[in-house]
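No lab work stands behind these numbers, since they all come straight from the coordinates. The structure displayed is predicted, hence computed values, not measured ones. Quick reminder, even Gly has a Cβ in these numbers, built from the backbone with ideal geometry, and neighbours come from all protein chains shown.
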Amino acid sequence: MTSPLRLDLTADVVTLTAALVDIPSESRQERVIADAVEAALSAYDHLEVIRDGETVVARTRLGRDHRVVIGGHLDTVPAAGNLPSRRVMVDGEDRLYGLGTCDMKGGVAVSLRLAAELVAPARDVTWIYYEAEEIDSTFNGLRRLADERPDLIAGDFAVLMEPSNGVVEAGCQGTMRVEVTTEGTRAHSARSWMGENAIHCAAEVLARLSDYKPRRIEIDGLIYREGLNAVGIRGGVAGNVIPDECVVSVNYRFAPSVSALEAEGHLREVFAGFRLKVVDAVAGALPGLAHPAAMDFVAAVGGVPTPKFGWTDVARFSALGVPAVNYGPGDPSHAHARDEYVPTAHLYAIESGLRAWLTAR
């Protein structure tokens with residue numbers, strides 16, 4: 001059995017981020033990085049370290065009045081010629097480039113440094129480093145803990161270190177994917193008048209999408225913008241056959257005040273007259289900024305909170321009744337890109353903000 005890679009949790013946060021990035025960890029291939037994280041955290045006596053699959057949990061047991069949960073995922077999307085990491089100055093901005101720098105090895109590096117450094121934080125802390133966030137939620141390590149070991153993620157407040165441009169992003173959108181099917185009559189293409197082309201019928205579905213006006217919904221002073229878009233289309237039998245079926249795949253991003261059932265009802269109204277099948281759906285998370293823990297957190301880290309566009313695992317905490325926010329380094333619009341990067345200034349700022357919050361008494 002080979003020894004795990006060594007991570008120095010006392011290293012500068014940029015150096016540690018680069019070390020994490022340089023460990024290939026595509027979804028379902030996180031064992032090497034999970035071994036390294038587990039070994040590094042196990043060296044600190046103030047932490048209880050628990051391994052569950054390729055997910056690592058470390059927690060303090062100081063008997064504080066409150067416990068907070070700080071989480072980040074270890075996996076990345078597939079590489080796109082963007083390994084190893086490289087540090088570059090661009091237009092006066094110091095950047096670390098590489099797969100996962102933004103989503104979300106930078107956030108993981110910040111939390112690992114603080115987990116090692118803060119022997120006696122003002123709050124008890126549960127640090128979670130989980131697997132398989134970037135793929136089907138069936139494999140998601142945080143989901144598994146929520147289902148099988150909810151005691152490991154219990155807390156009064158949670159912070160998910162997803163890239164958030166260095167400010168607090170509150171809540172998250174819900175997401176639903178449906179298949180809208182058009183039906184026709186199969187015929188030989190040489191006698192097309194004897195059939196009805198299901199692909200042509202999909203023009204009405206696409207027209208409804210083009211004409212759709214997404215809603216903007218205000219919650220706790222934040223404006224959540226919804227979106228409804230075709231993300232795929234399939235149909236056709238053979239080069240000489242009029243197709244009798246066409247399926248348009250549609251993704252709906254809805255405000256966190258809308259339930260999954262309400263979202264489905266809305267889509268059935270939009271696509272009335274067509275067969276609609278829900279493929280997957282997950283509700284969002286309300287911002288919860290009025291919660292005292294959230295107010296304390298925002299006051300400590302500073303900045304003006306913004307809405308989270310997209311779905312993140314804060315929704316899992318919300319479903320358990322734990323208020324949660326996104327707070328991490330990097331611009332989420334750069335996540336998964338070939339030129340993915342994180343400004344080093346974000347790493348230092350997020351580290352400073354979290355340290356200030358966790359040590360405030």
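Please check: in the Gaussian network model of the chain (C-alpha springs, under 10 Å), which one of Arg275, Arg28, Arg316 has the largest mean-square fluctuation.
Arg275
Check Arg28: other-chain or 5+ apart residues with amide H under 5 Å from its amide H, H built from backbone geometry?
Distant-sequence amide H within range of Arg28: Ala132.
Mind jotting down the distance between the C-alpha centroids of region 67-103 and region 288-348, whole Å?
16
Over the chain, what is the percentage of antiparallel beta bridges among all DSSP beta bridges, to the nearest 5?
Just about 75 percent of them are antiparallel.
What's the whole-number percent of alpha carbon pairs in region 240-361 lying beyond 26 angstrom?
Numbers: 3141 of 7381 pairs.
Tail of P(r) above 26 Å: 43 percent of Cα pairs.
Treat the count of other C-beta atoms within 10 Å as a stand-in for reagent exposure and order Ile153, Ile128 from fewest to most.
Listing Ile153, Ile128 from fewest to most nearby Cβ atoms yields Ile153, Ile128.
Just the projected area, averaged over all directions, of the convex hull on the alpha carbon atoms of the chain: how many nm²? Working shown, then result.
Details: hull surface 85.1 nm².
Value for the chain: 21.3 nm².
Let me test this: with uniform point scatterers at the alpha carbons of region 174-282, what is the Debye-based log₁₀ I(q)/I(0) at q = 0.14, 0.16, 0.21 1/Å?
Result of the Debye calculation: -0.60, -0.72, -1.04.
Within straight cross-link reach of Lys105, meaning Cα distance under 24 Å, which lysines are found once same-chain residues fewer than 8 apart are removed?
Lys308
Percent of Cα-Cα pairs more than 16 Å apart in region 170-232, please.
The answer is 62 percent, as a whole percent.
Taking square-rooted eigenvalues a ≥ b ≥ c of the alpha carbon gyration tensor, is region 92-229 rounded, prolate or oblate, where a/c under 1.5 means rounded and, failing that, a/b exceeding b/c means prolate? Walk me through the intermediate numbers first.
Details: a/c = 2.63, a/b = 2.38, b/c = 1.10.
Since a/c reaches 1.5 and a/b is larger than b/c, the shape of region 92-229 is classed as prolate.
Among Lys213, Lys308, Lys277, Lys105, rank each residue by its count of other Cβ atoms within 10 Å, from fewest to most, as a rough exposure measure.
Listing Lys213, Lys308, Lys277, Lys105 from fewest to most nearby Cβ atoms yields Lys213, Lys277, Lys308, Lys105.
In nm, to one decimal, how far is the modelled label at Leu261 from the one at Asn229, with both set 7 Å along Cα→Cβ?
3.0
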